[in-house]
Amino acid sequence: MKTVNVGIIGGGLMGKEVASAFGRWFALNDFPVSVRLKAVCDLNPQALDWYRQIDSVELLTTDYRELLKQEDIEVVYVALPHHLHLEYYLDVLRAGKDLLAEKPFGIDLDAAVRIRDEAKALGRFVRCSSEMPFLPGAQRVISEIKSGRLGTILDIRAGFLHSSDMDPEKPINWKRQSKFCGEIGVMGDLGMHVMHIPLRLGWVPENVFSRLQVIVTERPDGKGGRAVCDTWNNATLMTTLTTASGKVPMQLEMKRLAPGETNTWFIEVNGTEGGVKYSTKDTKALWLYERRKEQVWMRTDLGFQVPFPTVTGGIFEAGFPDCFMQMLAAYFAERAGALGDRFACVKPDEAVNSHRLFHAALQSHVTDSLVKVDYP
Ligand SMILES: NC(=O)c1ccc[n+]([C@@H]2O[C@H](COP(=O)([O-])OP(=O)(O)OC[C@H]3O[C@@H](n4cnc5c(N)ncnc54)[C@H](O)[C@@H]3O)[C@@H](O)[C@H]2O)c1
């Protein structure tokens, strides 16, 4: 079995999530690729300390160029604040490495296009992180839609809801400041997760009317003072797409001010013959509708039906670390030519198209009008 050496740049929340998935890689049944975390870079030496407990890690550094010089590292996962994506992603590609990028894949549309184009020019394998579609419920939503069972699609709703901005006294961090998070604010934070399945199914929004809200405008700066908080808390996008049977409305929600919601990702698709809905709020429940004399939604409790089987029993429920590991498995399987017909991670063109939508949503907010999404 081939072993791929990996480096991580950005050892915060998500760097640790990747390292922890690698730590139980053996749970994947008959997986064709083995992974080895060899090096981690973080500007903050204290963040690096956590990685000392991982035997395979040979290099801990505060200088990412040192990590990129390691010739035996083939793949680099980068989990940094958004204003650093362009420079770091390009440097990873130019160092001859493949990239697992984090969303939003550049701070804005221009950055996303430049990363996509450089990856293409250099022939590197690049995908972007978005894990929720690898949950069993999300996988079933995809297969139900692809089966054609739903008939004519009536409407689509998808979203990602957090309550992470609800506490106005929570100290500020980079995710709440436009210069680090991006002008697209919450869309950059949560939007890729919402768009992954629609874009993969070919549901590309043609136009958008957006409602962007910034409610919490100031927070403690963590040093006894106050700091300006200028990112959008909530974004609601009314979009239109064209399917074989005509124009269909698709409502997309990305919210950090959603009372009661901690990490609720959902998708609902209604058709004339059937419907399907899934939300992480009720992790096991898949809801299916079939047109009958009576209007009935049926609930099925799902088990561990994941794209890459593991040692976990079939009736056990899946959670965040599981879908994250499945997403990583999809990355390494696709890179090795072993993905088959399974669902792939976000592709650079899809990441760029999500930025095109968010860019148009900003214009819609400014002009208070419906804006065409431009796909040159
Ligand atoms: N896929 C997901 O579900 C998910 C969830 C959260 C965040 N993210 C994304 O992951 C990325 C990182 O977010 P996070 O939550 O891990 O952030 P974080 O703040 O927890 O971690 C970022 C780390 O980068 C380090 N860092 C900052 N500048 C650096 C530099 N120049 N060189 C090296 N290290 C540097 C910081 O010290 C910190 O440890 C973002 O793109 C974010 O949107 C994805």
When the chain is treated as a GNM, springs tying every alpha-carbon pair under 10 Å, which of PHE31, PHE316, PHE358 comes out with the largest mean-square fluctuation? PHE316
Starting from the alpha-carbon convex hull of the range 143-222, give the projected area averaged over all orientations, in nm². 7.1 nm²
Which loop-located GluC sites (Glu not before Pro) does the range 276-318 contain, where loop means any DSSP state but H, G, I, E or B and the Cβ has at most 10 other Cβ atoms within 10 Å? GLU294
Hey, if you drop one equal point scatterer on each alpha-carbon of the chain and run the Debye formula without solvent, what base-10 log of I(q)/I(0) do you get at q = 0.06, 0.07, 0.08, 0.13 Å⁻¹? -0.23, -0.31, -0.41, -1.13
Cα-projected label distance for TRP174 with THR312, points at 7 Å along beta-carbon direction, nm: 2.9 nm
Working from the pairwise distances between different alpha carbons, so that the mean of 1/r is found and then inverted, what is the range 116-179's Kirkwood radius in Å? 16.6 Å
Computed ³J(HN,Hα) along the range 234-242: with the Karplus parameters 6.51/-1.76/1.60, θ = phi - 60°, integer Hz and x for glycine or proline, the list is 10, 9, 10, 10, 9, 10, 10, 9, 10
Relative to the compact-globule estimate 2.2 N^0.38 Å (N residues), the Cα gyration radius of the range 1-48 stands at a ratio of 1.25
Express the C-alpha Rg of the range 2-128 as a ratio against the empirical globular expectation 2.2 N^0.38 Å, rounded to two decimals. 1.01
Hey, with R₀ at 35 Å, roughly what FRET efficiency would ILE215 and ARG114 work out to, going by the Cβ-Cβ distance, to 0.05? 0.60
Of all DSSP beta bridges having both residues in the chain, the percent classed as antiparallel (nearest 5) is 65 percent
Please arrange SER130, SER178 by counting, for each residue, the other beta carbons lying within 10 Å of its beta carbon, fewest first. SER178, SER130
GNM of the chain, Cα pairs under 10 angstrom: of MET325, MET254, MET166, the biggest fluctuation goes to MET166
To the nearest Å, what is the center-to-center distance of the range 143-159 and the range 194-255, using C-alpha atoms only? 21 Å
Report the paramagnetic label zone for LYS223: residues of the range 143-175 whose backbone N is under 20 Å from a point 7 Å from Cα along the Cα-to-Cβ axis. 169-175
Would you kindly give the portion of the calculated P(r) for the range 60-127 that falls above 16 Å, as a percent of all Cα pairs? 40 percent
What is the count of Lys pairs in the range 1-108 whose alpha carbons sit under 18 Å apart, if the two are 8 or more places apart or on different chains? 7
Where nothing but the Cβ of Lys and Arg (+1) and of Asp and Glu (-1) is charged, how large is the charge dipole of the range 1-77 around its Cα centre, in debye to the nearest 20? 120 debye
Tell me, what ³J(HN,Hα) does each residue in the range 41-48 have, in order and in whole Hz, if you take phi through Karplus 6.51 cos²θ - 1.76 cosθ + 1.60 with θ = phi - 60° and put x for Gly and Pro? 10, 8, 4, 9, x, 5, 5, 6
In whole Å, what three semi-axes, largest first, describe the equivalent ellipsoid of the range 215-280 built from its Cα gyration tensor (square root of 5 times each eigenvalue)? 37, 15, 6
Global form of the range 186-335, assessed from the alpha-carbon gyration tensor, a/c cut-off 1.5: oblate
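All of the numbers you see were taken from the coordinates with simple rules; none came from a lab. Quick caveat, the model's predicted, so the values are computed rather than measured. Note that we place each Cβ from the backbone using ideal geometry, even for glycine, and neighbour counts take in every protein chain shown.
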